[in-house]
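Let me begin by presenting the structure, written as structure tokens, before commenting on it.
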Amino acid sequence: MNQKTNTPAGALQGCKVVDLSRVLGGPYCTQILGDHGAEVFKVEPPAGDETRGWGPPFQEGTASYFLGVNRNKLGLSLDLSSADGQGFLLAMLEDADVLVENFKPGTLEKWGLGADVLQQRFPKLVHCRISGFGADGPLGGLPGYDACAQAMCGLMSVNGEADGAATRVGLPVVDMVTGLNAALAILMALNERHRSGLGQFLDITLFDCAISLLHPHAANFFLSGKVPQRSGNAHPNIAPYETFLTRSGEIFLAVGNNRQFHLLAEELGQKSLADDPRYASNADRLQNRAALRAMLTELLAGHEAAALSQRLLKKGVPAAPVMNVEELLDHPHTRHRGMVLDENGYRAIASPIKLSRTPAALRRLPPRFGQHNAEVAEKLKGPDPGPGP
């Protein structure tokens, strides 16, 4: 699909991004930039981004995993270990604003394309490296993956039932928050460049980003000295803040203050519950969590999760039915918010970043492997690098 002409200019129109990253953190970052108008050149190695094969399901041989984070990009294939591939990359960087890569630290240096070399040759370039642990330190240069970061950085230790095993969060939260932080860092650096006229090197790691997610567990530890433990769906600092079974499905109650607790008791026909000294404050409710949970479980057994949560929300009490992915994607508010893209046979989660004048848009479908090699080579007036061996 060629760039669409009937879509509004994005906030990042005119920004050229060379994306050498693979898998998730980097591609998620550059898709954010591409959704908002940046011209993103996705450069894959000769074997391709491995997520093209992370299926089923597949569409025309490409896995859904790849399709979900690689729209709004031109697709190239280069062998960067070769002189021709390196020359093609350097030609692309001549007018590039941003370079995103997630090579193992030392790889670009081995090819004579390290950060110091690139900064000297392209002083305005914002060079963002995403890695597992960074280039130095006790773990410097070692590879990193989302699940390993979850395990090592404490996320698994606080996720799961209190009497169960440490559990991985059921989505690649570290990779995705790393991509978000990378996009944020890039925008900061581009903004600073307006003052200095210079680019800079951005060092974003899965290790750091995983640690940054440890709120409120790290904050609790700093203050109490107690090692945080798993508590299932219950919150370590707030009650009631967990799932409860109803007559039809589960409901999550997130009662954050006394007013909300009073409204909950009223909706459940138990105003006296709010006057019980055991539940007078959040600290009291935490102290007596087991008794409160038992009482709420009994009161909620006769309700329907979806209907009750809607009534509670209208009263100002945070609540939600526990829905699966299909139910969520078919929800009328999901459609109202435009959170599902469905164009030209492509279905995916849309951008959550809503800008009034320069909204995100689907400009290009995820590229086929090496799809735009010839087109880009023509613009650079250089030889087609070919699809690679």
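The values are calculated or read from the model by the stated rules, or taken from the named source; none is laboratory data. What you see is a predicted model; the values in this text were computed from it and never measured. All Cβ positions, glycine included, derive from the backbone under ideal geometry; neighbour counts span all protein chains shown. To get the accessible areas, we keep the full protein, side chains included, count just its heavy atoms, and leave off ligands, DNA and RNA. Shrake-Rupley method; radii C 1.70, N 1.55, O 1.52, S 1.80 Å.
Among 219-228, 299-308, how do they line up from the highest to the lowest mean number of other beta-carbon atoms within 10 Å?
Details: 219-228: 11.3, 299-308: 16.9.
Taking the mean over residues of other Cβ atoms within 10 Å, the ranking is 299-308, 219-228.
Long hydrophobic helices in the chain, taken as whole DSSP H segments with a C-alpha length of 24 Å or more on their own axis and mean Kyte-Doolittle hydropathy at least 0.5: 173-196.
Counting only Cβ charges, +1 for Lys and Arg and -1 for Asp and Glu, the dipole size of the stretch 183-274 around its Cα centre is about 140 debye.
Once the 1.4 Å probe is applied to the protein heavy atoms, the chain comes out at 51 Å² accessible per residue. Working from label points 7 Å from Cα in the Cα-to-Cβ sense, the Leu180 to Ala218 distance is 1.5 nm. Note on Lys271: lysines with a C-alpha under 27 Å away, same-chain residues under 8 apart excluded, are Lys314, Lys315.
Cross-link partners for Lys110 among the lysines, with Cα-Cα distance under 29 Å and sequence neighbours closer than 8 places in the same chain left out: Lys16, Lys42, Lys73, Lys124, Lys379, Lys381.
With the convex hull built on the Cα atoms of the chain, state its orientation-averaged projected area in nm². Could the numbers behind the result be given before it?
Working: hull surface 91.1 nm².
Dividing the Cα hull surface by four gives the mean projection, 22.8 nm².
Enumerate the residues in the stretch 74-89 having an amide nitrogen under 19 Å from the point lying 7 Å beyond the Cα of Lys110 toward its Cβ. Correct set: 78-87, 89. Computed from the C-beta positions of Gln229 and Asp275 and an R0 of 22 Å, the FRET efficiency is 0.10 to the nearest 0.05. Beta bridges assigned by DSSP with both partners in the stretch 19-160 are antiparallel in approximately 15 percent of cases. Normalised by 2.2 N^0.38 Å, where N is the number of residues, the alpha-carbon radius of gyration of the stretch 3-128 equals 1.07.
Shape index of the stretch 97-217: Rg/Rh, with Rg the Cα radius of gyration and Rh the Kirkwood radius from the inverse mean 1/r over Cα pairs, equals 1.06. The order of the peptides 289-297, 130-138, 342-350 by mean Cβ neighbours within 10 Å, most packed first, is 130-138, 289-297, 342-350. Of all beta bridges that DSSP places with both ends in the chain, some 40 percent have antiparallel geometry. Shown are Asp79, Asp163, whose ranking by accessible area with a 1.4 Å probe and every protein chain present, most to least, is Asp163, Asp79. On the basis of the beta-carbon distance and an R0 of 25 Å, Leu245 and Leu328 show a calculated FRET efficiency of 0.80. Considering the stretch 143-204 at the alpha-carbon level, its Rg and Dmax are found to be 16.7, 56 Å. Here Val117 and Met188 are evaluated by their C-beta separation; at R0 = 25 Å the FRET efficiency comes out at 0.60. Heavy-atom accessible area for Ser81, with the other protein chains in place and a 1.4 Å probe, reaches approximately 70 Å². A simple spin-label model places the labels of Ala306 and Ala254 2.1 nm from each other, with each point 7 Å out along Cα-to-Cβ.
Hey, any idea what % of the stretch 149-284's accessible area is carbon plus sulfur with a 1.4 Å probe? Intermediate results must be reported in sequence, preceding the final value.
Values: 4110 of 7260 Å².
Carbon and sulfur atoms account for 57 percent of the accessible area of the stretch 149-284.
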